[in-house]
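Step one of this worksheet: look at the structure below.
What follows draws every value from the coordinates through simple rules; no lab data is involved. Since the model is a prediction, treat every value here as computed from it, not as a measurement. Virtual Cβ from ideal backbone geometry, glycine too; neighbours counted across all protein chains shown.
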Amino acid sequence: MAHQRQGGARPVTGLALMSCSWLALAEGAPLELESLRIEAERERQRAYKAERSASAKLSEPLLEVPQTITVVGEQIMREQNALSLRQVLSNVSGITFAAGEGGGGSGDLINIRGFDASSNLLLDGLRDTAQTTRSDGFNLQAVEVIKGPNSVFGGAGTTGGSVNLVSKTPQAEAFTELGAALGTDHYRRLTLDTNQPLPGVGSGSAVRLNLMAHQNDVPGRNQIDRERWGLAPSLLLGLGEATRLTLSYYHQKDDNLPDYGLPTLRGKVLDGVAHDSYFGWRNLDKDHITTDRLSAVFEHDFDEGLALQNTLRYARVDRSGVVSASHVSQAGLPPGKYRPAGPQGYGRDIVTDQWLNSTSLTRRFDTFGVGHALVTGLDVSYERYRRDTNSYAQVGLKDGPVYDLANPPGYWHGPLDRTRGASVRNRLQTTGLYVFDTLSFTPHWDLVLGLRHDWIDGSSLERKPSGAVGEHETRDTFLSHRAGLVYKPAPNGRVYLAYGNSFNPSAENLVTGGYGVTQQTRKVAPETSRTWELGTKWEVLDGGLQLDAALFRMQKDNVREKLETGESLLAGLQRVQGVELGVTGRLSQQWQVFANYSFLQSETLKSRANPRAEGQALANTPPRSFSLWTAYQLSEDWRVGYGARHVSERNLRNDERYKLDGYWVHQAMLGYRVSPELDLQLNLDNLLDTRYIERVRAVTGSQTRSAAVEYGDGRSAVLAAVYRF
């Protein structure tokens, strides 16, 4: 390339290693380059600051990418004992969580910068669209959050951003880590992470195995139990060679008691309801999830800066559940009494199948003095969603028993009459062709361009108990684009201006929530969004610490709205603008920090279906949010960590002024190295036992049918031991 990247501290590191090598030669000492390399790799894995994205679509270091990208690495997840995706994403400001029920069921329902991103989850760069709860990261290396409309990277959706989960892979170094943990609320956990090179297999190979078994009750929610186990073997052939093949399998099984929170009215829990009350039926409700995934990644490095990567995956999520909503009716009843008002004993058997393939080709070359990092590729996927419903018709009838709000029974002792409900068969086929190019004009100026064209075909077939059949098909095409201009005032600093767009078709949620295509929406064009972002990124303290700042404005130009007539129109206009700040990396050799802050000013500018929303902030979009995690190595054996999260007061809905209270949550960690092989770690979460609403349904509620919210976990303590050999 004509103009070399100005990469911060990497030349200094290289000179240091060269100096060590020459000094060793001068003293006649044997060179231990392999040990140096392994120690450098260990140090890199322990660092908070990520240098690059794991996605082949982002060819350049994160410092060069003109977009806000936050990476939560394995070291932070370890120090926090953050297991679920929700816990990991709590480290990223500007993200909130929704609570679900209804036909599709609950799962990882996340909002980024005020917009739903539940369909914008990726695993190793491929869409991971099944609506499920990603409860355990035992096989995760990192979680990347790409903020702002970026359909050029992820295809449909991505209005507020997308989340890419990065899996663990085989490594060159042999290691075994055996973990065990005990804690409050019947917390029990066992893990194994072992990696072994296979010197006799090909030119270089390695195998890695991750195992996990876990159970606990939810802190602050007595007897809401969680159980799961999983395994994830992987094999890498051609380790360190030009041609590599990685084969992996993932299996996890969850057995949980579903919890739909506490009944509320106008965002406040009803008087007389205890924090640990359970409004479901323990002898009926269940949530069983089985996830299986097979993946094959083929990579080949050609001569002259040309690289090929192909990822092929088949995945299945089988989810069987019976749920009872926490909605209650108090109409016509004495104070403190209720009858169930939401779905009770509602069963769903859901199977999602995915066949996905992504091929990318990266080429580095010069033309007329301009350097290029060109990435071209093709994404193809076929996804199938099947849902069969049933219900216990006698549970929660309007003329049924009356209960005490302060003491819901938790068990159903009445008659059971299980009836068959509707069935849904959805299909989604997507093809995306993309090209990205980073053009280096001078040592101080880059231009980053991206184009992607998507073809999306979807269909929905619903059979109701009455025998009625509804079948609908939809087809959308869309050209996404993104452009960013990067100025390099210094080797360690970047200033950028970027523009991008995204689209949300009706078929977007066909295989996540199992909805989206109806008679009214099948011919409605996709929603479209666009963003401007002005930002800067700086590496300081010899490249160990990165400082980020960004100003942005996002606008959804044609929000899909449903009128009272049932007609769906693209008639709304919403905008979110704000500021984001981030600090990631080392303050010193002993002290690391990971912190970010978001200020979001959201507003509904136009709404034909609901004029009351005009001028008000979007639902569940806090104006201010902040997250901090920091750890300090007190001595060779002792380390401490502290974390804080803040979410300000926010709107319950976007057409009313009822508010959800803001909150602060604190956590701490104490670690002790008993020996080179054994580490102990104590985690204290929610130190002040703050009761805060974490997952929100944007529903006000009424006397005849309340709303419901889900609280974050209460105070807990976990003591973990890791033995390495």
Legend entry - Distant-in-sequence amide H partners of residue 616 (H built 1.01 Å from N, under 5 Å): 604
Legend entry - Within straight-line cross-link reach of residue 337, lysines at Cα separation under 29 Å, skipping those fewer than 8 residues along the same chain: 268, 286, 398, 659
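Per DSSP helix of 4 or more residues, -39500 (n - 2.57); summed, then divided by the residues of the chain. What does that give at 222 nm, rounded to the nearest 500?
-2000 deg cm²/dmol
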Inset, instruction - Compute the relative contact order of the chain as a whole-number percentage, counting only Cα pairs closer than 8 Å that sit 6 or more residues apart in sequence. - result: 13
Legend entry - Whole-number D in µm² s⁻¹ for the chain, Kirkwood Cα-pair radius fed into Stokes-Einstein, 25 °C, 0.890 mPa s: 91
Legend entry - Per-residue HN-Hα couplings for the stretch 177-193 [Karplus 6.51, -1.76, 1.60; θ = phi - 60°; Hz; x = Gly/Pro]: 10, 10, x, 9, 8, 10, x, 5, 6, 6, 6, 9, 8, 10, 9, 9, 10
Legend entry - Distance (nanometres) between label positions extended 7 Å along Cα→Cβ at residue 581 and residue 469: 6.1
Legend entry - Members of 488/537; 49/556; 49/147; 523/562 lying beyond 21 Å, as alpha-carbon distances in this model show: 49/556
Inset, instruction - Would you mind putting 133-143, 429-439 in packing order, based on average other-beta-carbon counts within 10 Å, highest first? - result: 133-143, 429-439
Inset, instruction - Please list the non-local residues whose amide H lies under 5 Å from the amide H of residue 277, H modeled 1.01 Å from N, same-chain partners needing a gap of 5 or more. - result: none
Inset, instruction - Enumerate the calculated ³J(HN,Hα) couplings along the stretch 490-502 in order (Karplus 6.51 cos²θ - 1.76 cosθ + 1.60, θ = phi - 60°), each rounded to whole Hz, writing x wherever the residue is Gly or Pro. - result: 8, x, 10, x, 9, 10, 9, 10, 9, 9, x, 9, 7
Legend entry - ³J(HN,Hα) computed for each position of the stretch 535-543 - Karplus, 6.51 cos²θ - 1.76 cosθ + 1.60, integer Hz, glycine/proline x: x, 8, 9, 9, 9, 10, 6, 6, x
Inset, instruction - On a 0 to 90° scale, report how tilted helix 10-26 is relative to the longest principal axis of the chain, with both axes built from alpha carbons and the result rounded to the nearest 10. - result: 40
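Provide the packing ranking of 519-531, 403-415, 496-508, i.e. peptides ordered by the mean count of other C-beta atoms within 10 Å per residue, highest first.
So the order, starting with the most tightly packed, is 496-508, 519-531, 403-415.
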Inset, instruction - Select from the stretch 336-376 those chymotrypsin sites (Phe, Trp or Tyr not before Pro) which occupy a DSSP coil region and have at most 13 other Cβ atoms within 10 Å, ordered by residue number. - result: 368
Inset, instruction - Compute the separation of the alpha-carbon centres of the stretch 295-332 and the stretch 409-462 and state it in Å as a whole number. - result: 10
Legend entry - Residue exposure sequence - 69, 693 - by fewest surrounding Cβ within 10 Å: 69, 693
Legend entry - Between the stretch 596-671 and the stretch 196-240, the alpha-carbon center distance in angstrom: 32
Inset, instruction - Output the Cα-based Rg and Dmax of the stretch 441-532 in Å, rounding Rg to one decimal and Dmax to a whole number. - result: 20.5, 70
Inset, instruction - Search the structure for amide H atoms under 5 Å from the amide H of residue 53, placed 1.01 Å from N in the peptide plane, and list their residues when 5 or more places away or on another chain. - result: 62
Legend entry - Helix axis angle, 33-46 relative to the chain longest principal axis, alpha carbon, degrees: 30
Inset, instruction - Given the peptides 145-151, 649-655, arrange them by the average over their residues of other C-beta atoms within 10 Å, most packed first. - result: 145-151, 649-655
